[in-house]
1. Quick check: at a probe of 1.4 Å, how many percent of the accessible area of the stretch 82-210 sits on carbon and sulfur atoms?
2. How big is the dipole moment of the chain about its Cα centre under a simple scheme where the beta carbon of each Lys and Arg is +1, that of each Asp and Glu is -1, and everything else is neutral? Debye, nearest 20, please.
3. From largest accessible area down, sort His223, His76; use a 1.4 Å probe on the protein chains.
4. Keeping every protein chain in place, order Arg57, Arg240, Arg63, Arg201 by accessible area at 1.4 Å, biggest value first, i.e. largest first.
5. Given Cα positions, please report Rg to Rh for the chain, the hydrodynamic radius being the Kirkwood one.
6. In the chain, with Lys and Arg counted as +1 and Asp and Glu as -1 at Cβ, which of these residues, Val82, Met118, Ala214, has the Cα nearest the positive end of the dipole, that is, farthest along it?
7. For the stretch 122-274, report the translational diffusion coefficient in µm²/s to the nearest whole number, using Stokes-Einstein at 4 °C, 1.567 mPa s, and a Kirkwood Rh over Cα pairs.
8. Can you tell me the relative contact order of the stretch 214-262? Whole percent, Cα pairs under 8 Å, sequence separation 6 or more.
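The values are calculated or read from the model by the stated rules, or taken from the named source; none is laboratory data. In this text, all values refer to a predicted model and were calculated from it rather than measured experimentally. Cβ placement follows ideal geometry from the backbone for every residue including glycine, while neighbour counts extend to all protein chains displayed. The area values use the complete protein model at the heavy-atom level, side chains included, leaving out ligands, DNA and RNA. Shrake-Rupley method; radii C 1.70, N 1.55, O 1.52, S 1.80 Å.
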Amino acid sequence: MTLIPTYGVVPALGYGTFMRKGDECLACVDHAVNVGYRHFDTAAFYENEVEVGQALRGTSVAREELFVTTKVWFDHLGKGQVRASTEASLERLGMDYVDLLLIHWPSPNDEVPLPQYMEEIASLKAEGLTKNIGVSNFTKRHIDEAIAVVGASEIATNQCELNVMFHNEPIVTHCQDAGIPMTAYLPLAKGAASSGGELERIAKKHDATAAQIALSWLLGKGHIAIPSSSNLERIEQNFRAADISLSPGDTMELDALNGDRRVQPAWAPDWDVA
Ligand SMILES: NC(=O)c1ccc[n+]([C@@H]2O[C@H](COP(=O)([O-])OP(=O)(O)OC[C@H]3O[C@@H](n4cnc5c(N)ncnc54)[C@H](OP(=O)(O)O)[C@@H]3O)[C@@H](O)[C@H]2O)c1
(Lines give C-alpha, C1' and ligand atoms only; values in the text may rest on other atoms or scores of the structure.)
Protein backbone atom coordinates (compact mmCIF):
# COMPACT_ATOMS: atom_id res chain seq x y z
CA MET A 1 0.00 0.00 0.00
CA THR A 2 1.30 3.43 -0.93
CA LEU A 3 1.85 5.54 2.18
CA ILE A 4 1.71 9.32 1.85
CA PRO A 5 3.62 11.31 4.47
CA THR A 6 2.27 14.59 5.83
CA TYR A 7 4.40 17.72 5.51
CA GLY A 8 3.28 19.96 8.34
CA VAL A 9 -0.46 19.34 8.27
CA VAL A 10 -0.75 18.69 4.53
CA PRO A 11 -0.63 15.21 2.90
CA ALA A 12 2.43 15.34 0.63
CA LEU A 13 0.66 14.13 -2.51
CA GLY A 14 -2.68 15.41 -3.70
CA TYR A 15 -4.80 15.40 -6.84
CA GLY A 16 -4.93 18.79 -8.61
CA THR A 17 -8.27 19.53 -10.24
CA PHE A 18 -7.60 22.62 -12.37
CA MET A 19 -9.22 22.17 -15.84
CA ARG A 20 -11.20 19.11 -14.72
CA LYS A 21 -14.89 19.83 -15.18
CA GLY A 22 -18.26 18.10 -15.47
CA ASP A 23 -18.39 14.33 -15.90
CA GLU A 24 -14.64 14.14 -16.49
CA CYS A 25 -14.06 15.77 -13.10
CA LEU A 26 -16.48 13.39 -11.39
CA ALA A 27 -14.77 10.35 -12.94
CA CYS A 28 -11.22 11.56 -12.23
CA VAL A 29 -11.88 12.50 -8.60
CA ASP A 30 -13.73 9.24 -7.99
CA HIS A 31 -10.85 7.27 -9.52
CA ALA A 32 -8.30 9.26 -7.52
CA VAL A 33 -10.07 8.35 -4.28
CA ASN A 34 -10.17 4.69 -5.34
CA VAL A 35 -6.43 4.55 -6.01
CA GLY A 36 -5.70 6.14 -2.64
CA TYR A 37 -5.53 9.93 -2.90
CA ARG A 38 -7.04 11.69 0.10
CA HIS A 39 -5.84 15.24 -0.64
CA PHE A 40 -7.74 17.22 -3.31
CA ASP A 41 -6.90 20.70 -4.55
CA THR A 42 -9.61 22.92 -5.99
CA ALA A 43 -10.38 26.66 -6.05
CA ALA A 44 -13.30 29.01 -6.53
CA PHE A 45 -11.58 30.03 -9.78
CA TYR A 46 -11.62 26.46 -11.17
CA GLU A 47 -15.42 26.43 -11.35
CA ASN A 48 -15.49 22.73 -10.44
CA GLU A 49 -16.17 22.76 -6.69
CA VAL A 50 -19.65 21.34 -7.30
CA GLU A 51 -18.23 18.31 -9.12
CA VAL A 52 -15.30 17.86 -6.72
CA GLY A 53 -17.67 17.95 -3.75
CA GLN A 54 -20.19 15.63 -5.41
CA ALA A 55 -17.50 13.08 -6.26
CA LEU A 56 -15.99 13.17 -2.78
CA ARG A 57 -19.33 12.95 -1.03
CA GLY A 58 -20.21 10.01 -3.27
CA THR A 59 -17.32 7.85 -2.10
CA SER A 60 -17.31 5.57 0.92
CA VAL A 61 -14.34 7.44 2.42
CA ALA A 62 -15.29 9.37 5.55
CA ARG A 63 -15.04 13.16 5.40
CA GLU A 64 -12.44 13.19 8.24
CA GLU A 65 -10.11 11.06 6.11
CA LEU A 66 -10.16 13.55 3.24
CA PHE A 67 -8.06 16.69 2.98
CA VAL A 68 -9.81 19.27 0.81
CA THR A 69 -8.20 22.54 -0.22
CA THR A 70 -9.95 25.47 -1.83
CA LYS A 71 -8.83 29.01 -2.60
CA VAL A 72 -10.10 32.58 -2.59
CA TRP A 73 -9.55 34.41 -5.90
CA PHE A 74 -7.94 37.85 -5.78
CA ASP A 75 -11.16 39.65 -6.74
CA HIS A 76 -12.57 38.57 -3.35
CA LEU A 77 -9.98 39.98 -0.95
CA GLY A 78 -11.92 43.10 0.10
CA LYS A 79 -13.62 43.44 3.47
CA GLY A 80 -16.11 40.62 4.04
CA GLN A 81 -15.37 39.06 0.66
CA VAL A 82 -12.94 36.39 1.85
CA ARG A 83 -15.77 35.13 4.02
CA ALA A 84 -18.33 35.43 1.23
CA SER A 85 -16.08 33.52 -1.19
CA THR A 86 -15.43 30.78 1.38
CA GLU A 87 -19.09 30.39 2.28
CA ALA A 88 -19.94 30.10 -1.42
CA SER A 89 -17.17 27.50 -1.90
CA LEU A 90 -18.47 25.43 1.02
CA GLU A 91 -21.98 25.63 -0.40
CA ARG A 92 -20.76 24.39 -3.80
CA LEU A 93 -18.63 21.65 -2.23
CA GLY A 94 -21.53 20.57 -0.01
CA MET A 95 -19.20 20.60 2.99
CA ASP A 96 -19.23 22.28 6.42
CA TYR A 97 -15.51 22.99 6.34
CA VAL A 98 -12.44 22.66 4.18
CA ASP A 99 -9.14 21.36 5.48
CA LEU A 100 -7.11 24.13 3.92
CA LEU A 101 -8.15 27.56 2.67
CA LEU A 102 -5.63 29.51 0.60
CA ILE A 103 -5.37 33.08 -0.60
CA HIS A 104 -4.93 32.16 -4.30
CA TRP A 105 -2.86 35.24 -5.26
CA PRO A 106 -1.83 38.30 -3.26
CA SER A 107 -3.88 41.39 -4.08
CA PRO A 108 -2.39 42.82 -7.31
CA ASN A 109 -0.53 46.08 -6.62
CA ASP A 110 -1.63 45.80 -2.96
CA GLU A 111 -5.04 47.11 -3.94
CA VAL A 112 -6.34 45.46 -0.77
CA PRO A 113 -3.90 45.70 2.15
CA LEU A 114 -2.49 42.26 2.97
CA PRO A 115 -3.09 42.51 6.77
CA GLN A 116 -6.82 42.99 6.09
CA TYR A 117 -7.34 39.78 4.12
CA MET A 118 -4.92 37.76 6.24
CA GLU A 119 -6.85 38.77 9.37
CA GLU A 120 -10.09 37.80 7.68
CA ILE A 121 -8.86 34.37 6.57
CA ALA A 122 -7.50 33.75 10.10
CA SER A 123 -10.91 34.56 11.56
CA LEU A 124 -12.49 31.93 9.28
CA LYS A 125 -10.19 29.31 10.77
CA ALA A 126 -11.12 30.45 14.29
CA GLU A 127 -14.79 29.97 13.36
CA GLY A 128 -14.21 26.49 11.93
CA LEU A 129 -14.95 27.16 8.24
CA THR A 130 -11.47 25.82 7.56
CA LYS A 131 -9.12 23.66 9.61
CA ASN A 132 -6.01 25.39 8.29
CA ILE A 133 -5.06 28.47 6.32
CA GLY A 134 -2.31 29.16 3.84
CA VAL A 135 -1.24 31.24 0.87
CA SER A 136 -0.35 30.81 -2.77
CA ASN A 137 1.91 32.73 -5.13
CA PHE A 138 3.24 34.79 -2.23
CA THR A 139 6.68 36.36 -2.69
CA LYS A 140 9.20 36.79 0.14
CA ARG A 141 7.74 40.20 0.96
CA HIS A 142 4.18 38.87 1.10
CA ILE A 143 5.28 35.96 3.28
CA ASP A 144 7.01 38.30 5.74
CA GLU A 145 3.92 40.51 5.91
CA ALA A 146 1.66 37.50 6.38
CA ILE A 147 3.89 36.16 9.17
CA ALA A 148 3.69 39.54 10.90
CA VAL A 149 -0.12 39.25 10.91
CA VAL A 150 -0.85 35.58 11.69
CA GLY A 151 2.52 34.05 12.67
CA ALA A 152 4.55 31.57 10.62
CA SER A 153 3.12 28.53 12.40
CA GLU A 154 -0.37 29.45 11.18
CA ILE A 155 0.64 29.34 7.51
CA ALA A 156 0.23 25.69 6.50
CA THR A 157 1.82 26.16 3.08
CA ASN A 158 2.77 28.54 0.29
CA GLN A 159 1.54 26.96 -2.96
CA CYS A 160 3.77 28.06 -5.85
CA GLU A 161 5.06 26.93 -9.21
CA LEU A 162 7.78 24.41 -8.49
CA ASN A 163 9.07 21.34 -10.31
CA VAL A 164 12.26 19.53 -11.23
CA MET A 165 12.72 21.93 -14.17
CA PHE A 166 12.04 25.07 -12.11
CA HIS A 167 13.23 25.02 -8.49
CA ASN A 168 11.98 28.50 -7.56
CA GLU A 169 14.81 28.73 -5.05
CA PRO A 170 14.36 32.25 -3.59
CA ILE A 171 10.85 31.63 -2.25
CA VAL A 172 11.52 27.97 -1.39
CA THR A 173 14.51 28.88 0.80
CA HIS A 174 12.64 31.77 2.39
CA CYS A 175 9.65 29.61 3.31
CA GLN A 176 11.81 26.72 4.49
CA ASP A 177 13.72 29.12 6.77
CA ALA A 178 10.37 30.19 8.25
CA GLY A 179 9.25 26.54 8.64
CA ILE A 180 6.51 26.89 6.00
CA PRO A 181 6.17 23.84 3.69
CA MET A 182 5.92 24.51 -0.03
CA THR A 183 3.20 23.01 -2.20
CA ALA A 184 4.33 22.53 -5.78
CA TYR A 185 1.83 23.46 -8.46
CA LEU A 186 2.66 22.55 -12.04
CA PRO A 187 4.64 19.70 -10.40
CA LEU A 188 5.01 18.12 -13.83
CA ALA A 189 5.65 21.44 -15.58
CA LYS A 190 2.35 20.93 -17.42
CA GLY A 191 3.62 17.57 -18.69
CA ALA A 192 7.08 18.78 -19.76
CA ALA A 193 8.61 16.96 -16.77
CA SER A 194 7.28 13.61 -17.98
CA SER A 195 9.99 12.95 -20.54
CA GLY A 196 13.62 13.78 -21.21
CA GLY A 197 16.97 12.02 -21.14
CA GLU A 198 17.91 12.34 -17.47
CA LEU A 199 14.42 11.68 -16.10
CA GLU A 200 13.96 8.69 -18.38
CA ARG A 201 17.38 7.23 -17.56
CA ILE A 202 16.72 7.42 -13.81
CA ALA A 203 13.16 6.14 -14.36
CA LYS A 204 14.54 3.04 -16.03
CA LYS A 205 16.70 2.27 -12.97
CA HIS A 206 13.63 2.44 -10.72
CA ASP A 207 11.31 0.64 -13.13
CA ALA A 208 9.23 3.82 -13.05
CA THR A 209 8.08 6.55 -15.45
CA ALA A 210 9.79 9.90 -15.94
CA ALA A 211 6.76 11.67 -14.42
CA GLN A 212 7.01 9.50 -11.30
CA ILE A 213 10.68 10.44 -10.96
CA ALA A 214 9.81 14.15 -11.30
CA LEU A 215 7.20 13.80 -8.52
CA SER A 216 9.50 11.71 -6.37
CA TRP A 217 12.16 14.44 -6.64
CA LEU A 218 9.65 16.97 -5.21
CA LEU A 219 8.58 14.69 -2.35
CA GLY A 220 12.22 13.95 -1.53
CA LYS A 221 12.90 17.68 -1.23
CA GLY A 222 10.11 17.98 1.35
CA HIS A 223 7.62 19.58 -1.04
CA ILE A 224 3.94 18.73 -1.31
CA ALA A 225 2.94 17.93 -4.92
CA ILE A 226 -0.52 18.17 -6.50
CA PRO A 227 -0.26 16.73 -10.01
CA SER A 228 -3.29 16.69 -12.25
CA SER A 229 -4.17 14.32 -15.05
CA SER A 230 -7.28 13.61 -17.08
CA ASN A 231 -6.06 10.08 -17.70
CA LEU A 232 -7.09 7.40 -15.21
CA GLU A 233 -3.91 5.37 -15.65
CA ARG A 234 -1.69 8.43 -15.13
CA ILE A 235 -3.71 9.49 -12.07
CA GLU A 236 -2.75 6.19 -10.43
CA GLN A 237 0.80 6.27 -11.78
CA ASN A 238 1.35 9.72 -10.24
CA PHE A 239 0.09 8.52 -6.86
CA ARG A 240 2.52 5.57 -6.88
CA ALA A 241 5.41 8.04 -7.20
CA ALA A 242 5.36 8.10 -3.40
CA ASP A 243 6.68 4.51 -3.42
CA ILE A 244 9.96 5.57 -5.07
CA SER A 245 13.08 6.47 -3.10
CA LEU A 246 15.67 8.32 -5.12
CA SER A 247 19.32 7.90 -4.19
CA PRO A 248 21.37 10.99 -3.29
CA GLY A 249 23.14 10.49 -6.65
CA ASP A 250 19.82 10.47 -8.56
CA THR A 251 18.75 13.62 -6.73
CA MET A 252 22.00 15.41 -7.53
CA GLU A 253 21.65 14.58 -11.21
CA LEU A 254 18.04 15.81 -11.23
CA ASP A 255 19.05 19.01 -9.43
CA ALA A 256 20.97 19.92 -12.60
CA LEU A 257 17.71 20.12 -14.61
CA ASN A 258 16.81 23.45 -12.99
CA GLY A 259 15.79 26.19 -15.44
CA ASP A 260 13.88 29.46 -15.42
CA ARG A 261 10.66 28.65 -17.29
CA ARG A 262 7.67 29.95 -15.30
CA VAL A 263 4.08 31.17 -15.68
CA GLN A 264 3.53 34.92 -15.73
CA PRO A 265 -0.15 35.89 -15.64
CA ALA A 266 -0.98 39.61 -15.79
CA TRP A 267 -1.93 39.62 -12.08
CA ALA A 268 1.34 37.99 -10.89
CA PRO A 269 3.46 39.89 -8.37
CA ASP A 270 7.09 40.80 -9.07
CA TRP A 271 8.65 37.39 -8.49
CA ASP A 272 11.75 37.09 -6.33
CA VAL A 273 14.86 36.53 -8.39
CA ALA A 274 17.24 36.05 -5.47
N1 LIG B 1 -2.16 28.07 -6.91
C2 LIG B 1 -2.10 28.30 -8.21
O3 LIG B 1 -2.01 29.46 -8.67
C4 LIG B 1 -2.12 27.15 -9.16
C5 LIG B 1 -1.78 27.33 -10.51
C6 LIG B 1 -1.81 26.23 -11.36
C7 LIG B 1 -2.15 24.97 -10.87
N8 LIG B 1 -2.50 24.82 -9.56
C9 LIG B 1 -2.87 23.48 -9.00
O10 LIG B 1 -1.84 22.57 -9.34
C11 LIG B 1 -2.39 21.45 -10.02
C12 LIG B 1 -1.39 20.87 -10.99
O13 LIG B 1 -1.01 21.81 -11.96
P14 LIG B 1 -1.33 21.63 -13.51
O15 LIG B 1 -2.47 20.69 -13.64
O16 LIG B 1 -1.51 22.97 -14.10
O17 LIG B 1 0.02 21.04 -14.09
P18 LIG B 1 0.80 19.64 -13.93
O19 LIG B 1 0.18 18.77 -12.90
O20 LIG B 1 2.25 19.98 -13.84
O21 LIG B 1 0.61 19.00 -15.37
C22 LIG B 1 -0.58 18.51 -15.84
C23 LIG B 1 -0.30 18.02 -17.26
O24 LIG B 1 0.61 16.93 -17.20
C25 LIG B 1 0.10 15.81 -17.89
N26 LIG B 1 0.40 14.63 -17.07
C27 LIG B 1 -0.06 14.35 -15.83
N28 LIG B 1 0.45 13.19 -15.39
C29 LIG B 1 1.25 12.72 -16.36
C30 LIG B 1 2.06 11.57 -16.48
N31 LIG B 1 2.12 10.67 -15.50
N32 LIG B 1 2.76 11.41 -17.64
C33 LIG B 1 2.68 12.31 -18.63
N34 LIG B 1 1.94 13.44 -18.57
C35 LIG B 1 1.23 13.65 -17.44
C36 LIG B 1 -1.40 16.03 -17.98
O37 LIG B 1 -1.89 15.50 -19.19
P38 LIG B 1 -3.03 14.34 -19.15
O39 LIG B 1 -4.26 15.00 -18.59
O40 LIG B 1 -3.17 13.98 -20.60
O41 LIG B 1 -2.50 13.23 -18.30
C42 LIG B 1 -1.51 17.56 -17.99
O43 LIG B 1 -1.43 18.05 -19.31
C44 LIG B 1 -3.65 22.01 -10.68
O45 LIG B 1 -4.56 21.01 -11.07
C46 LIG B 1 -4.16 22.90 -9.58
O47 LIG B 1 -4.86 22.13 -8.61
C48 LIG B 1 -2.46 25.88 -8.70
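1. C and S atoms contribute 48 percent here.
2. So the magnitude is around 340 debye.
3. So, going from the largest accessible area down, we get His76, His223.
4. Highest to lowest solvent-accessible surface, that is Arg57, Arg201, Arg240, Arg63.
5. In the chain, Rg relative to Rh is 0.95.
6. Sorting the options by dipole projection puts first Ala214.
7. Reported coefficient: 79 µm²/s.
8. 43
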